[in-house]
Amino acid sequence: MEKLYGPQKAVGPADPYEMILYLNSGYPATDTSCSEGFEALKREAGLKPEEILAASNARLARLLRLGGIVPEQRAARLHEIARKVKSEFGGDLKAELKKRVREKYQTSKAFTAQKRSSGSFL
């Protein structure tokens, strides 16, 4: 692809929580619609779960209109995303994902070591 179009540039945020917000900020979900809705959300309401939860559905819908159709539905979805991230992950999805990957790696490493010591590995 790079041979035809040159080096590719990622669109949207790299943070997992912000990526979810980004993908729900536009519909139909195109780079343009998501970017426009996300930038309005970021500029006018903020991206932290507390900031999204503090904004009314009507306000979020008004901001998300820039990102395309059914802004009311997307506003409700952003509230649900923010609520879950705050209540289930302490407001920091990235830290929770890192923790889970680290735990999975340690479990896998311990399992491999156990198999090797018992002689039943390969």
Exercise. So what's the Cα pair-distance distribution over segment 1-40, bin width 10 Å, in %?
Worked result: 32, 42, 24, 3
Problem set entry | Farthest toward positive dipole pole in the chain [+1 Lys/Arg, -1 Asp/Glu at C-beta], among G6, A82, A95 | A95
For this session: Can you give me the three principal axis dimensions of the chain from its C-alpha atoms, in Å, biggest first?
Result: 63, 45, 20
Seminar exercise, completed: Of the accessible area of the chain, computed with a 1.4 Å probe and all protein chains kept, carbon and sulfur make up a percent value of 56
Exercise. Counting only pairs 8 or more places apart or on different chains, how many lysine pairs in the chain have C-alpha atoms closer than 15 Å?
Worked result: 5
Problem set entry | Solvent-accessible area per residue, Å², over the chain with all protein chains present [probe radius 1.4 Å] | 69
Problem set entry | Value of [θ]222 nm, deg cm²/dmol, for the chain, DSSP H segments ≥ 4, -39500 (n - 2.57) each, nearest 500 | -21500 deg cm²/dmol
Problem set entry | the chain, dipole about Cα centre (Lys/Arg Cβ +1, Asp/Glu Cβ -1), debye to the nearest 20 | 580
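The values are calculated or read from the model by the stated rules, or taken from the named source; none is laboratory data. Because the structure is a prediction, the values reported are computed rather than measured. When we count neighbours, we look across all protein chains shown, and the Cβ atoms used for this are built from the backbone with ideal geometry, even at glycine. To get the accessible areas, we keep the full protein, side chains included, count just its heavy atoms, and leave off ligands, DNA and RNA. Shrake-Rupley method; radii C 1.70, N 1.55, O 1.52, S 1.80 Å.
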